[in-house]
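One structure below.
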Ligand SMILES: NC(=O)c1ccc[n+]([C@@H]2O[C@H](COP(=O)([O-])OP(=O)(O)OC[C@H]3O[C@@H](n4cnc5c(N)ncnc54)[C@H](OP(=O)(O)O)[C@@H]3O)[C@@H](O)[C@H]2O)c1
């Protein structure tokens with residue numbers, strides 16, 4: 001089997017770490033990043049047939065992201081793998097609270113991570129594949145949320161970022177399709193998952209959000225998806241013939257038997 005290249009952001013914990021583990025077990029080369037290191041993941045990688053290149057970086061820092069993508073492209077040029085998959089998974093929830101309480105610098109940092117970062121990685125990958133005429137088919141999977149579709153009190157920045165990511169997904173897919181290019185771009189709503197983002201949601205003060213009780217109940221009732229299940233469902237979308245470029249899909253609708261909410 002020829003190794004594919006998977007680029008996974010937000011690999012220090014949560015869904016991103018689970019995605020990396022799963023892809024490594026399948027024997028692929030994973031280029032992973034987050035601000036924090038993940039020595040457990042690096043250790044795990046050595047027990048698999050896969051390969052891990054992990055870089056600590058802040059997606060809000062364009063120069064750091066560029067160095068990361070340069071390393072990916074250098075590798076792709078040498079190896080010429082048929083598959084390059086970028087999974088834009090990293091995200092932050094903060095700042096949370098009604099719009100009049102938002103700090104502009106925190107808003108800017110959020111948008112850099114949740115929207116401008118994925119835009120830059122997508123753009124630089126598509127541009128390199130086209131300019132260098134790499135014989136690779138690119139798939140970009142943007143991890144989104146129901147918050148990109150429905151408003152939630154106190155989460156205007158997160159909702160706006162995810163809505164922006166959804167529209168970016170649809171527009172880039174249209175650009176690729178209009179020129180008969182083979183690259184696919186779609187977005188996945190991964191369900192409600194037992195990660196530190198959920199812990200934060202359960203611990204926010206009532207004046208900041210109005211959905212704390214919902215998240216407390218989901219945790220109490222054992223309704224949160226384990227990270228490895230979420231990762232498997234996200235990866236399943238890659239080979240699911242029902243998922244088309246430009247789609248915004250929800251794992252709860254695609255795989256209702258695996259996500260019993
Ligand atoms: N958990 C849920 O219920 C849920 C529901 C719907 C959608 N999602 C989406 O699923 C994805 C994964 O979420 P999660 O629950 O796994 O979140 P998480 O546990 O909070 O992990 C977020 C990851 O993103 C990284 N990250 C955050 N800011 C970054 C930055 N500036 N630069 C680089 N990396 C950064 C974090 O690493 P560092 O802090 O080390 O940088 C971490 O690895 C996100 O897109 C989220 O919006 C989650």
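FYI, it's all coordinate maths here, none of it is from the lab. Not measured: the values here are computed from a predicted model. All Cβ positions, even for glycine, are placed from backbone atoms using ideal geometry, and neighbour counts span all protein chains on display.
Rounded to two decimals, what ratio of Rg to Rh does segment 121-192 give with C-alpha atoms and a Kirkwood Rh?
Numbers: Rg = 14.2 Å, Rh = 13.3 Å.
Checking Rg against Rh, the ratio lands at 1.07.
What ranking, highest mean first, results for peptides 14-22, 109-117 when packing means the other Cβ atoms within 10 Å averaged over each residue? Can you show the working numbers first?
Numbers: 14-22: 25.1, 109-117: 20.9.
Top of the packing list down: 14-22, 109-117.
If the segment from residue 127 to residue 180 were pulled out straight at 0.36 nm per residue, it would be longer than the present Cα-Cα gap by 17.5 nm. To the nearest ten degrees, helix 14-25 and the longest principal axis of the Cα atoms of the chain are 30 degrees apart.
Which FRET efficiency value, to the nearest 0.05, is calculated for residue 51 and residue 100 with the Förster distance at 41 angstrom and r the Cβ-Cβ distance?
On the way: r = 48 Å, r/R0 = 1.18.
Working from the Cβ atoms, E equals 0.25.
In degrees from 0 to 90, rounded to the nearest 10, what is the angle of the helix 62-79 Cα long axis to the longest principal axis of the chain? Here the helix axis deviates by roughly 40 degrees.
Just so you know, the Cα atoms of segment 83-203 work out to an Rg and Dmax of 15.7, 49 Å. Label-to-label distance for residue 43 and residue 257 is 3.7 nm, based on points extended 7 Å past Cα in the beta-carbon direction. Secondary-structure-derived ellipticity at 222 nm for the chain, considering helices only, amounts to -13500 deg cm²/dmol, per-run term -39500 (n - 2.57) for DSSP H runs with n ≥ 4.
Find the Rg to Rh ratio for the chain, where Rh is the Kirkwood radius over alpha-carbon pairs and Rg uses the same atoms.
Details: Rg = 17.8 Å, Rh = 18.7 Å.
That ratio equals 0.95.
Can you tell me the orientation of helix 227-238 relative to the chain, as the angle in degrees between its alpha-carbon axis and the longest Cα principal axis, to the nearest 10? The answer is roughly 50 degrees.
Cβ neighbours within 10 Å, averaged per peptide: list 97-107, 184-194, 122-132, 222-232 in order, most packed at the top.
Values: 97-107: 12.2, 184-194: 23.0, 122-132: 16.5, 222-232: 18.4.
Order by mean packing, descending: 184-194, 222-232, 122-132, 97-107.
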